[in-house]
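K.L.:
One structure coming up, written as structure tokens, with questions to follow.
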Amino acid sequence: MRFNRHLVFVCSGSDCKKAGSKKIRKELKHAATEGTLKGHCKFFQTKCMDMCKSAPVVVVDGHFCKKTDTKNVMEQIKKA
Ligand code: FES
């Protein structure tokens, strides 16, 4: 069994969706299948994480990225 290095949880609750989490997830998945993150990430969609005021919320290896965007999440993945 092969384990990916980074675990990325993207909130797909309604507030995060409104704030763009769907777009972030698409862009991250694209990077993970064709780009620099290829083979290094595993993505999960979550329900609301109760931090809607900080939407969109993405968790990278236990680190919460609040009011984030794809660029910030990519930086966090590279740091982790
Ligand atoms: S909708 Fe994402 S934290 Fe509530």
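The values are calculated or read from the model by the stated rules, or taken from the named source; none is laboratory data. What you see is a predicted model, and the numbers here were worked out from it, not measured in a lab. Quick reminder, even Gly has a Cβ in these numbers, built from the backbone with ideal geometry, and neighbours come from all protein chains shown. With ligands, DNA and RNA removed, areas are computed over all heavy atoms of the protein, side chains included. Shrake-Rupley method; radii C 1.70, N 1.55, O 1.52, S 1.80 Å.
K.L.:
Which GluC sites (Glu not before Pro) in the chain pass both tests, a DSSP loop state and at most 12 other beta-carbon atoms within 10 Å?
P.N.:
Nothing satisfies the criteria.
K.L.:
Taking the simple approach of a point 7 Å from Cα along Cα-to-Cβ for both Lys66 and Lys22, what is their distance in nm?
P.N.:
Label at Lys66, label at Lys22, 2.5 nm between them.
K.L.:
Additional query: Considering only DSSP beta bridges with both partners in the range 6-79, what is the antiparallel share in %, to the nearest 5?
P.N.:
50 percent
K.L.:
Okay, moving on. Which of the cysteines found in the chain have nothing to pair with, since no other Cys Cβ lies under 4.7 Å from theirs?
P.N.:
When partners are defined as cysteine Cβ atoms under 4.7 Å apart, the chain leaves Cys41, Cys48, Cys52, Cys65 without one.
K.L.:
Let me ask you something else. Can you show me the helix-derived [θ] at 222 nm for the chain, built from DSSP H runs with n ≥ 4 at -39,500 (n - 2.57) apiece and divided by the number of residues, rounded to the nearest 500.
P.N.:
Taking each H run of at least 4 residues, the total per residue is -10500 deg cm²/dmol.
K.L.:
Using only the alpha carbons of the chain, what is the convex hull's orientation-averaged projected area in square nanometres? Before the final figure, lay out the partial values.
P.N.:
Working: hull surface 19.3 nm².
Mean projected area of the Cα convex hull: 4.8 nm².
K.L.:
For labels at Lys38 and Ala80 in the simple 7 Å Cα→Cβ model, what's the distance in nm?
P.N.:
According to this spin-label approximation, the distance is 2.1 nm.
K.L.:
Would you list Asp50, Asp69 from the most to the least accessible area, probe 1.4 Å?
P.N.:
Reading off the accessible areas and sorting them downward yields Asp50, Asp69.
K.L.:
From the cross-link list Lys47/Lys67; Lys17/Lys79; Lys18/Lys79; Lys38/Lys78, which pairs have alpha carbons spaced over 23 Å apart? Display every interim value, and only then the final one.
P.N.:
Values: Lys47/Lys67 16 Å; Lys17/Lys79 25 Å; Lys18/Lys79 27 Å; Lys38/Lys78 12 Å.
Violating the 23 Å limit, Cα to Cα: Lys17/Lys79; Lys18/Lys79.
K.L.:
Turning to a different aspect of this structure: On a straight-distance basis, which aspartates and glutamates could pair with Lys42 in a cross-link, Cα separation under 12 angstrom, same-chain partners fewer than 8 positions away excluded?
P.N.:
Correct list for Lys42: Asp61.
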